[in-house]
Amino acid sequence: MALPALQQAMAGHFFVFWGMEISFNTPALLFPAITLLLLAYTNRFLAIANLIRKLHDEYISGKKSAQLLAQLHNLKKRINYIRQMQALGVLSFLCCVICMFSIYKEWTKPAEYIFAASLLSLLASLIISLVEIFLSTRALELELSDIEELEKTNFFSGLMSNKDKKES
């Protein structure tokens, strides 16, 4: 008997816990954030495009190496991720505009779903951005892999060599 009474008491408060009211300003708050993200994504894209052109020129001039091919492969993956990030960012921006129009027309339920779609596309864009950041770290490791001193010395080998010196 206690469970149905609790359900009845909670039924009137469902909107308080799970629902939300979206005002005209709510999607407008995302405009600056999305715009700055798109600018950052575009800057990444341009930087990688310039690097690809430079490496392509090296490849064409005959400086073909496994490291160069690995870098180009990595950059190709990154440029595809950035294109996906940009597309999802633009989709998020469009959803915000459509949400604002829905609020203006007082279509509250569709506005909530459209705003949720905007947030989800922004979230997906940020997750792909994180993956791209990990790939960029890998690209830097490839760039530095030809320096023998960096391969020989790392944190753990430094600890081991100090331990060996202390024992002698």
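Bear in mind these aren't lab numbers, they're just calculated from the coordinates by the rules spelled out. Because the structure is predicted, anything quoted here is derived from the model rather than measured. Ideal geometry is used to build each Cβ from the backbone, glycine not excepted, and the neighbour counts take in all protein chains shown.
Some values worked out for this structure:
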| quantity | calculated |
| --- | --- |
| Packing-based order for 56-68, 78-90, using average beta carbon neighbours within 10 Å, highest first | 78-90, 56-68 |
| Nearest-20 debye value, the range 23-144 charge dipole, Cβ charges on Lys, Arg, Asp, Glu | 360 |
| Protection proxy ranking of 27-34, 106-113 - average other beta-carbon atoms within 10 Å, highest first | 27-34, 106-113 |
| Rough spin-label spacing in nm, given labels placed 7 Å along Cα→Cβ, for His73 and Thr35 | 4.2 |
